[in-house]
């Protein structure tokens with residue numbers, strides 16, 4: 001089954017404790033992206049990647065790191081999480097960005113709470 | 001800069017009735033596309049339908065169709081024969097100006113289907 005898999009689905013942790021949210025897609029997509037969703041602010045893009053070893057900042061990259069060492073994986077790293085990073089996070093992938101109607105396929109989301 | 005407006009924060013519809021969710025956008029790109037996504041209360045983001053700006057016909061996908069008015073820069077989602085399972089948040093999205101690497105999302109419309 002074609003899918004984007006995020007782990008964990010839920011995480012409660014404490015300020016400053018490094019964490020990684022994994023994202024994997026099995027559709028051989030070139031493009032992958034991370035978003036955060038907050039009430040009243042909608043979906044905001046954190047980072048995106050057009051291909052292996054190619055990553056770019058989105059609208060809200062501060063406090064986050066990403067890497068794209070393999071085509072299928074795009075982990076999101078919070079080196080020193082803070083409470084303002086409490087949010088619902090989505091990983092998404094598509095064939096070539098938003099060209100020619102290629103929709104982004106989203107993972108099920110990760111609810112992250114930083115205490 | 002790209003702007004997407006969904007003017008209806010919340011909508012109610014009776015089961016089996018049709019409902020239209022509004023989306024207007026502002027772009028100077030000549031060629032672009034519009035995406036609609038559904039987010040049920042469980043949180044996942046589900047791709048519904050796509051409309052290309054040069055498509056001659058309005059997009060349809062099962063009970064979903066788009067009322068695309070290019071000159072007015074609107075792409076309203078029509079859901080026919082509403083079902084209780086249609087209760088969800090609905091987002092429209094458009095690629096960033098001059099780039100298909102990032103999507104700009106609207107603020108969403110919360111649809112509630114009443115029995």
Can you tell me how many residues within the stretch A:67-115 are at the interface with another protein chain (Cβ under 8 Å from one of its Cβ atoms), out of contact with any strand residue (DSSP E or B) (no Cβ under 7 Å at 6 or more places or on another chain) and over 21 Å from residue A:52 (Cβ atoms)?
1
Among the residues of the stretch A:41-66, the number that are within 30 Å of residue B:7 (Cα to Cα), touching a residue at least 12 places away in the same chain (Cβ under 8 Å) and at the interface with chain B (Cβ under 10 Å from one of its Cβ atoms) is 6
For the structure I just gave you, tell me whether residue B:72 is within 12 Å of chain A (Cβ to nearest Cβ) and touching a residue at least 40 places away in the same chain (Cβ under 8 Å).
no
Residues that are assigned to a loop (DSSP other than H, G, I, E, B) and in contact (Cβ under 8 Å) with a residue 40 or more places away in the chain, drawn from the stretch A:15-40:
A:15, A:16, A:17, A:18, A:26, A:27, A:28, A:29, A:30
Run residue A:12 past the list (1) closer than 24 Å to residue B:41 by Cβ; (2) under 13 Å from the mean Cα position of the chain (by Cα); (3) not in a loop (DSSP other than H, G, I, E, B) and report the number of the one that doesn't hold.
(2)
Hey, does the stretch B:96-114 have a residue that's touching a helix residue (DSSP H, G or I) at 6+ places or on another chain (Cβ under 9 Å), surrounded by 19 or more Cβ atoms within 10 Å (Cβ to Cβ) and more than 9 Å from every other protein chain (Cβ to nearest Cβ)?
yes
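Rule-based calculations on the coordinates, nothing more; no lab input. Quick caveat, the model's predicted, so the values are computed rather than measured. Because the Cβ atoms are built from the backbone with ideal geometry, glycine has one as well, and the counts that use them run over all protein chains shown.
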